[in-house]
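Asker: Take a look at the following structure, please.
The values are calculated or read from the model by the stated rules, or taken from the named source; none is laboratory data. The model shown is predicted, which means the values in this text are computed figures rather than measured ones. Cβ atoms come from the backbone with ideal geometry, glycine included; neighbour counts cover every protein chain shown. The area values use the complete protein model at the heavy-atom level, side chains included, leaving out ligands, DNA and RNA. Shrake-Rupley method; radii C 1.70, N 1.55, O 1.52, S 1.80 Å.
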Amino acid sequence: DGNADCGEVKSNSVAVKVEEEVEIKEEGAEQESTRESDSSNLDVSSDYPREKHLSIQRQLADLEKLADLNEAKKKPCPLCPEEKFKACYSHKLHRHLQNLHWKISVEFEGYRMCICHLPCRIAKPNFSGDQTFPKMGAHYHCIICSATITRRTDMIGHINRHVNKGETESRFTAAPALKSSHEVLKESNTDVQVLPNYSTPQKTDSSFNPKMKLNRQLIFCALAVLAEERKPIECLDAFGATGIMGLQWAKHFRSSVKVTINDCNENSVTMIQENCLLNKMKVKVNAKEEDGDEAVADGEENTDTIEVTKMDANVTMHLRSFDFIHLDPFGTSVNYLDSAFRNARNLGIVSLTSTDISSLYAKAQHVALRHYGCNIVRTEYYKELAARVVIAAVARAAARCNKGIEVLLAVALEHFVLVVVRVLRGPSPADDSAKKIRYLIHCQWCEERIFQKEGNMVEENPYQQLPCDCHGSMPGKTAVVLGPLWSGALFNTGFLRRMLFEAVQYGLEEAQPLLKTLVCEAECTSLKNFSTHSPNDENRQEECGVYIRTPDMLAESYVVPGKRKSNEVMRNAAKRQKSDSSAEHPAFYYNMHRHSIKGMNMPKLNKFLSYLSEAGYRVSRTHFDPMGVRTNAPLAQFKTVLVKYSTPTYAGGQAEGPLRVGDQLQAAADHRAGDGTVLEENQAAGAGSAFPEDCPAPCAAD
């Protein structure tokens, strides 16, 4: 009996111990689950302490310290198991760490996430026959959320998603306080918040490019001119991003404009709403107004309202009509032209910025053929060629909607191509615009060019249209057909003068030199007489085909938005178009360096312009090319004047003038010790440092 009692006591004690162990395990599991739930609910930007993984280091020296390379004996790799990389001496281990781990790391805010081969994640085994080989699971450790990702490209995308969400603080770093990741930038008295990597559209949802400041100022001036013609006007920024452009419109024009900012990305729409409140503007979302009373200081009354929409740009332009539409997508704008002209009001303005430079500048010719249906090659006038390609696409899209266009402005710089056109409703303007889309014959030997003659009849020898005789003197085919291109004018002088006036009024200093160059280029003259007075006082500020409101013609010029003009006004507009057609600037330009003579020093650009002007030709500089000359002189006469006033290279200090062979030796002896050569002066002129005050240099791209 005693033995039986002892056995019962032992069994009871064992049962109690088992129950206690089960309860301890359950409590530990509950604690672990609560920890996991807390860590899952923890915000990325919190100050939860976490030890970083050893594969995340700032410098290669920090990674080498883990391996302790100072000792002379063999050391294993700290990021590789012994099965993958055996212990070796310091020089070999240094190369291993540098080439295998450090060079293929992912960088983020000063840290490097090196590739790790340790068994940190479960790897699937590889089966080969009867043997089973363990697979080395190479991976990266995320510095923000501690996730393990195998491929480097996936890791970069994973980090970018964190950045787009504003999650930029690491969990293993203790943050004393919650700090906003939005940087505030200011442009034209307008504040905007931007996300990290804001200048790279591929890395963020809401991009802001500081280099496009000149582009924004030109569009601002165009809208300012339109705001003087009719009030109020409804304007649309179809691709808002940060909303900087629409905010500038609403902040400066106030009640003269009704601004709508659209974007299809939810993060961008949120950023636009925050920027509106930052600039003390009311936000209208889905027909509901959100007052920014908390952002308005001193209780001042705010009557400015900006409508923010979240939908596709094509849908927005199909649903409503606008007086001013600006398209600035990432890349080409051809996918949105039909929608833009569908509801664009009569005498309204459509502006578009194309940033697909590789295709427009003939670096990717197959892409230009795919997007614009245009065949182009690289020429000396490739920037103007790009502008005419875009305008041709705009004219075709407008014609499909029974609307014509009048080109007000076309600018092609390093980063973008900007085109601003006025909408003319009706089949007759549409037919007139469609007739200006023609093909161009370009000689690849001498760079001569000419638009094909109008008509549908096939010519037996198209080379006869070219002024040059390269086809007769050179073997094979010497010319190519480019296009279809816009063959009309690229500028409207009256509109540009009023844009210059608005740029002076609003203090847009970056746009003023470019606008002065454009006015001279539109008139094809080197004489610049710019007036800072209001252009409404002068009748010559009227534009071709479009009446603007002036004090002496108020009744005639006023046009109700969306209504057709009277027959009398239309007849007057046609007469003015016919009278001003002869004053259009010549198409394309010539580059002096392209047609220079080997062994000869060219004259200065400004002096060469005066030589061509004295010969009876219209000449001007062009913003497309700093060394370009826009003139109506034939290429043969252009080369003749260039050769006439060029000097031999060895006679550097010789005064510029007609070349006389008898005086070459004497001039070389007299001016051997001259201060500088004409070539140096040409280089200075090409750099834009030798422009006189009345002839400002063409602007480079911002």
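Asker: As a quick test, which of the pairs LYS258/LYS282; LYS52/LYS84; LYS231/LYS516; LYS52/LYS86; LYS186/LYS213 have an alpha carbon distance above 19 angstrom in this structure?
Answerer: The answer is LYS52/LYS84; LYS231/LYS516; LYS52/LYS86.
Asker: With r defined as the distance between the Cβ atoms of ASN606 and CYS88 and R0 fixed at 60 Å, what FRET efficiency is calculated, to the nearest 0.05?
Answerer: On the way: r = 69 Å, r/R0 = 1.15.
Here the calculated transfer efficiency is 0.30.
Asker: Can I ask one more? Label-point separation (nm) for TYR463 and ILE104, each offset 7 Å from Cα along Cα-to-Cβ?
Answerer: 5.7
Asker: Near the amide H of GLN57, under 5 Å away, which other amide H atoms are found, from residues 5 or more places off or on another chain, if H is placed in the peptide plane?
Answerer: ARG112, CYS114
Asker: Shifting gears a bit: Enumerate the calculated ³J(HN,Hα) couplings along the stretch 478-487 in order (Karplus 6.51 cos²θ - 1.76 cosθ + 1.60, θ = phi - 60°), each rounded to whole Hz, writing x wherever the residue is Gly or Pro.
Answerer: 10, 10, 10, 9, 10, x, x, 10, 7, 9
Asker: Can you pull the accessible area of CYS264 for me, 1.4 Å probe, Å² to the nearest 10?
Answerer: Its heavy atoms expose roughly 90 Å² to the probe.
Asker: Something else now. Based on the mean of other beta carbon atoms within 10 Å per residue, what is the order of 153-162, 486-495, most packed first?
Answerer: Numbers: 153-162: 15.9, 486-495: 22.9.
Descending mean neighbour count gives 486-495, 153-162.
Asker: Apply the Karplus parameterisation 6.51 cos²θ - 1.76 cosθ + 1.60, with θ equal to phi minus 60°, to every residue of the stretch 610-625 and state each ³J(HN,Hα) to the nearest whole Hz, in sequence, with x for glycine and proline.
Answerer: 5, 5, 5, 5, 5, 6, x, 10, 7, 9, 6, 7, 9, 6, 5, 9
Asker: Where the accessible area of the stretch 588-649 is counted over protein heavy atoms with a 1.4 Å probe, how much of it, in %, is carbon and sulfur? Don't jump to the answer; show the numbers that get you there.
Answerer: Numbers: 1230 of 2320 Å².
That fraction is 53 percent.
Asker: For TYR111, TYR590, write out the residues from largest to smallest accessible area, computed with a 1.4 angstrom probe and no ligands counted.
Answerer: Values: TYR111 40, TYR590 20 Å².
So, going from the largest accessible area down, we get TYR111, TYR590.
Asker: Please state the shape class of the stretch 474-527: rounded when a/c is under 1.5, otherwise prolate if a/b exceeds b/c and oblate if not, all from the C-alpha gyration tensor. Don't skip to the end; give the middle numbers.
Answerer: On the way: a/c = 3.27, a/b = 2.96, b/c = 1.10.
Cα axes put the stretch 474-527 in the prolate bin.
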